[in-house]
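Here the structure comes first, spelled out in structure tokens, and everything after it is commentary.
Values quoted throughout were computed directly from the atomic coordinates according to the rules given, and no laboratory measurement underlies them. Treat the numbers as computed from the prediction; the structure is a model and nothing was measured. Neighbour counts run over all protein chains shown; Cβ positions are idealised from the backbone, glycine included.
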Amino acid sequence: MPLTADADIKALLEETRTIALIGASDRPDRPSYGVMKKLQDHGYRVIPVNPQITGEHVHGEYVFRELSQIGEPIDMVDIFRRPEAAGEAVDEAIAAGAKAVWMQLGVVNNEAAARAEQAGLKVVMDRCPAIDIPRLGVAPVSAD
């Protein structure tokens, strides 16, 4: 079951340091652009992933083509993809050894969520961390 209790979601956000954001955009009018900036401003390291803008920089971070190229531990994968494409992102998160997947508002894929949970990942679906962080009073991430 995806995490739905506020306490569980807050705990996940508090233990997260590095977020890979699949579907990152370099366009200011896209939701992923603003969410990435809000997460960075809260202290998270956010690594953008998008095969269509790979090699560019978004908010100062190099954009990777896929999760497997990142080469460092990933706490959470934030998925800005259509629900039917979320399964591929979840499979990449599992293969990359991520600890959690977060499917954005409107992204519901129960089969992908079940695969992630079976692989031991925490799952949040149909929510936005940029909304939940202030709502739940999550403290800014410290550089420890």
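Give me the percent of DSSP beta bridges within the chain that run antiparallel, rounded to the nearest 5.
So the antiparallel bridges in the chain amount to around 10 percent.
Tell me, what is the percent relative contact order of region 1-110, built from C-alpha pairs under 8 Å that lie six or more residues apart?
Relative contact order, region 1-110: 24 percent.
Taking amide H atoms as placed 1.01 Å from N in the peptide plane, list the residues 5 or more away in sequence, or in a different chain, whose amide H sits under 5 Å from that of E61.
Residues meeting the amide H criterion: none.
P(r) tail for region 72-144, what percent of Cα pairs lie past 22 Å?
The answer is 22 percent, as a whole percent.
Using θ = phi - 60° and the Karplus relation 6.51 cos²θ - 1.76 cosθ + 1.60, list the HN-Hα couplings for region 74-82 in order, rounded to whole Hz, with x at every Gly or Pro.
Running phi through 6.51 cos²θ - 1.76 cosθ + 1.60 with θ = phi - 60° gives 10, 7, 9, 10, 9, 9, 9, 9, 4 Hz.
When Lys and Arg each count +1 and Asp and Glu each count -1, what net charge do the other residues less than 11 Å away from P2, Cβ to Cβ, add up to?
Computed value for this residue: -1.
Find, to one decimal place in angstroms, the Kirkwood hydrodynamic radius of region 50-99, where the mean of 1/r is taken over every pair of different Cα atoms and then inverted.
11.6
Match the structure shown to one of the listed values [x] 29, 14, 13; [y] 24, 17, 14; [z] 20, 18, 14 of semi-axes √(5λ) of the Cα gyration tensor in Å, computed from it, and give that label.
[z]
Checking the cross-link filter: which lysines have an alpha carbon closer than 18 Å to that of K122, excluding same-chain neighbours under 8 positions apart?
Correct list for K122: K10, K99.
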